1. Which residues, taken from the stretch 477-504, are exposed (fewer than 13 other Cβ atoms within 10 Å of the Cβ) and part of a loop (DSSP other than H, G, I, E, B)?
2. Could you name every one of the strands (runs of 3 or more DSSP E) located completely within the stretch 96-165 that has at least 2 residues being in contact with a strand residue (DSSP E or B) (Cβ under 9 Å, 6 or more places away or on another chain), surrounded by 14 or more Cβ atoms within 10 Å (Cβ to Cβ) and free of Cβ contacts under 8 Å to residues at least 24 places away in the same chain?
3. Would you check which residues across the stretch 19-58 are farther than 27 Å from residue 192 by Cα, buried (at least 16 other Cβ atoms within 10 Å of the Cβ) and out of contact with any helix residue (DSSP H, G or I) (no Cβ under 6 Å at 6 or more places or on another chain) and list them?
4. Residues 458, 353, 379: which one is surrounded by fewer than 17 Cβ atoms within 10 Å (Cβ to Cβ), outside any loop (DSSP other than H, G, I, E, B) and under 30 Å from the mean Cα position of the chain (by Cα)?
5. The conditions are (1) under 30 Å from residue 88 (Cα atoms); (2) free of Cβ contacts under 8 Å to residues at least 60 places away in the same chain, and residue 211 fails exactly one of them. Which is it?
6. Among the residues of the stretch 538-557, which ones are out of contact with any helix residue (DSSP H, G or I) (no Cβ under 7 Å at 6 or more places or on another chain) and closer than 21 Å to residue 595 by Cβ?
7. Scan (1) outside the structural domain of residue 627 (by TED's automatic domain parsing); (2) at pLDDT below 85; (3) in contact with a helix residue (DSSP H, G or I) (Cβ under 9 Å, 6 or more places away or on another chain) for the single condition residue 498 breaks and write down its number.
8. So which residues in the stretch 452-467 are in contact (Cβ under 8 Å) with a residue 12 or more places away in the chain and farther than 17 Å from residue 330 by Cα?
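The values are calculated or read from the model by the stated rules, or taken from the named source; none is laboratory data. Please read all numbers here as calculations on a predicted model, not as lab measurements. Neighbour counts run over all protein chains shown; Cβ positions are idealised from the backbone, glycine included.
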């Protein structure tokens, strides 16, 4: 088995002038360019005091620059620590510290999202795109960066040539990657992978998934995950392929366009993508005439199947040799049809702890419903007395298996059996031919009332196969089984529209059933409706209309973009303008408290209300919008919205950061009021804001011209107004705390006297 770095240097030398890495609709680097960048970065690492075995964290969106940096780290014999760019900035900082990284290389927007405390805790930090020094804890990084170009020219006077590409491949046992798991079964753990694990994965892929020089791969999966890293970057690159990075979010329109342009030979997919194509496009088309009639003729049916197969391959660029699915099983109906039309697909199985491969079979020999056979240099066993028929935990050992979890001996010990086999946590069976069939997760298995083992994944598979179901989640609860089912909105709309259209065309006015369907048309498709307005439409002249709408009880959603001023008409003061802020008709700073529109709306008791600030907590923002959409009744969501009339000293480009600062200092509070919780005996009011750092309040005000100008023009009044603004913010926050602390669902008359609060205690 060759060291993966041996393959890297060989590939670079043999494909020097060939394209290697491309950003979609961006620049392309050749294998020679990759070599030159690696040599340059090695000089930088050395000058910055990075030693062999040191950790270097890498966090950013998929890009050619990311790939170059990653290969440079590995070729230097440092330890790469890829971190998912979708993690919060604070999580990125925490994982960097946990890994003991000497250097963090990341996208600028992640750095900009970090608070000062997180930044000061980090080691040396560089920008991924241009190498700009963002922080230098050691003091060596800026010096190294200033010297690297001169040292590069001195060392490679004739330029880097293929003969200069030489990497240390003396051992396969050294640590080369610490990959942090996504934390689906707990907090993220740093999985330590050796060069042996990576090399074994690459060797197997090169043997069983043959490639040719120049073939193209479109990278859409996160490179911080081993699945995408191994099969969308390392394996194809080490085979002389050209990798193109999508960069943007893989929406259907963007992805399809990129596939047509890149024309990849292989595509990694999640089963849901294939299922949606067949269930929403292929199957309905085959049920319509003339396809329905043609399918009854055996010879013609084969032609139809071939056309379907060719059509799918063409939609993916026309060059696809095989689809590789992973992460979940494929719907049996869809799988049978794909096999019937001879679509080149296979389903693999693996985990981060195996770098990632455990099982895989070529599509020619792939057994339906399985996830292939155990790969080269690996062994697999089922912890069961009857592995073919009775599911047991899947356990593995071999070259692919991790060294352990970084700085977590307890988790490492728990991950292995006494005789050295890795516990996968998955349940499965193996047939006589060695094909593995996943049954579910150990921890999710439900013991039925008669003692039978029930695997939620199998029920979810059946539910997800239903025409109008998008996803489902099955859990055991109170000696029963509960399923959360998410409707396929697009399919529901299509079905509802088709039904209404059919009724209108085929039913006369006397058809009772047809008339009933038309009268209930609005129930067939759940259409999302939002009313969006600002201060005037919500706080002031339009308040009567807003109040009328929410008082109606109708299922309508309202989003208020709270700019705290009439921003669209010149910046007049409104009932949303806070104390101390300058605006038209409040030139010396407003002297009256801001109206609490949200809390007023909660007094109805049947209106969903939330206050959000996307820049402060995007998860809370998304949760509030989803809850508002799901709530069967009126919803009011108030979003803090910095605008040009605020006069942000940092500029409107930092508006998201301004929202974060507003919440951190207590100027703006995040909360949700969900009447549905009251029906469950729970407090409907949830305070999402943490305890503010009130020491930052004054600095926040000074960062906006609408407040700072008051201090400049009216210094005596400003001090009083700013104190009033802070006092008002504290008053509101304390009120929200009281609401969140209510003992909801308990009759006050049933509370013992000794537990009741006296008026003087409140």
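1. Answer for the stretch 477-504, where residues must be exposed (fewer than 13 other Cβ atoms within 10 Å of the Cβ) and part of a loop (DSSP other than H, G, I, E, B): 478, 479.
2. Output list reads 124-127, 133-135.
3. Answer for the stretch 19-58, where residues must be farther than 27 Å from residue 192 by Cα, buried (at least 16 other Cβ atoms within 10 Å of the Cβ) and out of contact with any helix residue (DSSP H, G or I) (no Cβ under 6 Å at 6 or more places or on another chain): 19, 22, 30, 32, 33, 36.
4. Checking each option against the conditions leaves just 458.
5. Unmet condition: (1).
6. Of everything in the stretch 538-557, those that are out of contact with any helix residue (DSSP H, G or I) (no Cβ under 7 Å at 6 or more places or on another chain) and closer than 21 Å to residue 595 by Cβ turn out to be 540, 541, 543, 544, 545, 547, 548, 549, 551.
7. Going through (1) outside the structural domain of residue 627 (by TED's automatic domain parsing); (2) at pLDDT below 85; (3) in contact with a helix residue (DSSP H, G or I) (Cβ under 9 Å, 6 or more places away or on another chain) one by one, residue 498 breaks only (3).
8. If the condition is that a residue be in contact (Cβ under 8 Å) with a residue 12 or more places away in the chain and farther than 17 Å from residue 330 by Cα, then 453, 454 are the ones that fit.
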